[in-house]
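To start, I am sharing the structure in question, which I have written as structure tokens.
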């Protein structure tokens, strides 16, 4: 795979080794922090490296002087990238000690050929080297239909999984079913209420603790179709467990259907109740106890106003403070049942035993206080060999033409994911969910996300892909199909592309492999959406220049050679956009 940033870093490493051999740098320096990245400002060149900045301290040198030495060491070296080999680059030292790199047009022309030769695989990486990664996402309580916040977590998790797969990891997508505890018992009682109503009993208003949405009316009808009046008038001890299982099964069916609407599937569903019933939780706690990490103790009272039901009592506690948490954490409730934290520890222990050194959990922002304790537990059980990264998804605020949208009759208290997706479509929903960092609140306006304008990022990116295909269709009217194949376009006279706007677009395309790796390393799929918007903007700008200046049109009847070179650029643009949209889970439009 060609990656101009990675290729130049290899050249840089060779220059650093040469400086070490000459005594300019000490031997055995840690080079892991040396990075080569796209320059943030065009005035600073096309790539930049922090090598002198991060090595100045360990080598006891002035950063600027070291940068100048490194610039001299790089001068006249041959650079290899994308089939190019030569000295077509310049390196300049800039205060306080950065190196800025500029390339000749021939380097970028070689990058364009490499894109066409790689096709859909351009940007594929072996960064992960086949390492196993578990991503747990969605994991909504099975007590009702999914809301738009769940949908955001679903898209973030699914896009992150696709991103890591492109970067060479082996990913398992997991859904953790919270099917134990008080909330599913409340669900069973709510279902029983609807069951009695459906059988003709007049009950009045539902209890406050019940789930009020109308979705349980359908579930009650399904229960009657299955069991008839079997549970009517029976004591709670007889119907609670079977109705709980029936309700959870129906809710999970609805959740799977909702996820299918946005193209999300999971490889693994793990039941909290099963972890308890098979003894996995007890085994986990025994392992922690053996390590001296569990004790009986009394926690300090909560800061601020005390809850009315708080009392100082002895509890079974995990020594979370040994691993960076603020306080030790309870593992058992007053009734002797496990806390959610205890079952979650068992779930993460199972993942570690299944061979996942890296685990990523995508949670709602309301679980932010839970992060440190879970990471503490993973550190304790994994002995430092396992890593847990938690991505918190902030709220999605719904609007319609600027007015807040707050409630759904079917759900009772919120707008369901299904209602939103049916209104705007899967592709719009998925893309918009990645137009902000996951830890930032996202405003979703039904009117704005469906309008066809440059202010709508989904439309803007898909329109760029559709425009590229429109150009290729017009070209097909005058040229044989063989001339427009990727391998044929890779052999076009690409060096004819000389306009600054053309070269700027090639530079953006060439940065796609590095963008994939940096986004994968940071676990930030929103970077893909940001990149696609920038790429689309540069292509639309070039299109507009062609409308204004005839010499910049993609198809020139008077110059077939230049036409093929420009078609090569258009085709590469379409390949990279399609590659990015595939990670996001959005279909690339060929006509709009």
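The values are calculated or read from the model by the stated rules, or taken from the named source; none is laboratory data. In this text the structure is predicted, and so the values were computed from the model without any measurement. With ideal geometry, Cβ positions are generated from the backbone for all residues, glycine too; neighbour counts draw on all protein chains shown.
Do we have any residue at all in segment 423-431 that's at pLDDT 95 or above, touching a strand residue (DSSP E or B) at 6+ places or on another chain (Cβ under 8 Å) and crowded, with 20+ Cβ neighbours inside 10 Å?
Checked segment 423-431: no residue is at pLDDT 95 or above, touching a strand residue (DSSP E or B) at 6+ places or on another chain (Cβ under 8 Å) and crowded, with 20+ Cβ neighbours inside 10 Å.
Okay, moving on. Does residue 325 count as assigned to a helix (DSSP H, G or I) and either closer than 14 Å to residue 390 by Cβ or in contact with a helix residue (DSSP H, G or I) (Cβ under 7 Å, 6 or more places away or on another chain) (or both)? Before you say what the answer is, go through the steps one by one.
Working: assigned to a helix (DSSP H, G or I): no; either closer than 14 Å to residue 390 by Cβ or in contact with a helix residue (DSSP H, G or I) (Cβ under 7 Å, 6 or more places away or on another chain) (or both): yes.
It is false that residue 325 is assigned to a helix (DSSP H, G or I) and either closer than 14 Å to residue 390 by Cβ or in contact with a helix residue (DSSP H, G or I) (Cβ under 7 Å, 6 or more places away or on another chain) (or both).
While we're here: Which of the residues spanning segment 305-317 are under 17 Å from residue 294 (Cβ atoms) and either part of a loop (DSSP other than H, G, I, E, B) or touching a residue at least 60 places away in the same chain (Cβ under 8 Å) (or both)?
Of segment 305-317, the ones under 17 Å from residue 294 (Cβ atoms) are 313-317.
Of everything in segment 305-317, those that are under 17 Å from residue 294 (Cβ atoms) and either part of a loop (DSSP other than H, G, I, E, B) or touching a residue at least 60 places away in the same chain (Cβ under 8 Å) (or both) turn out to be 313, 314.
If you check residue 342 against the conditions, is it closer than 16 Å to residue 180 by Cβ and buried (at least 22 other Cβ atoms within 10 Å of the Cβ)?
On the way: closer than 16 Å to residue 180 by Cβ: yes; buried (at least 22 other Cβ atoms within 10 Å of the Cβ): yes.
Yes: the conditions hold for residue 342.
Another question about this same structure. Give 272, 250 a once-over and let me know the one that is in contact with a helix residue (DSSP H, G or I) (Cβ under 8 Å, 6 or more places away or on another chain) and closer than 30 Å to residue 431 by Cα.
Going through 272, 250 in turn, the sole match is 250.
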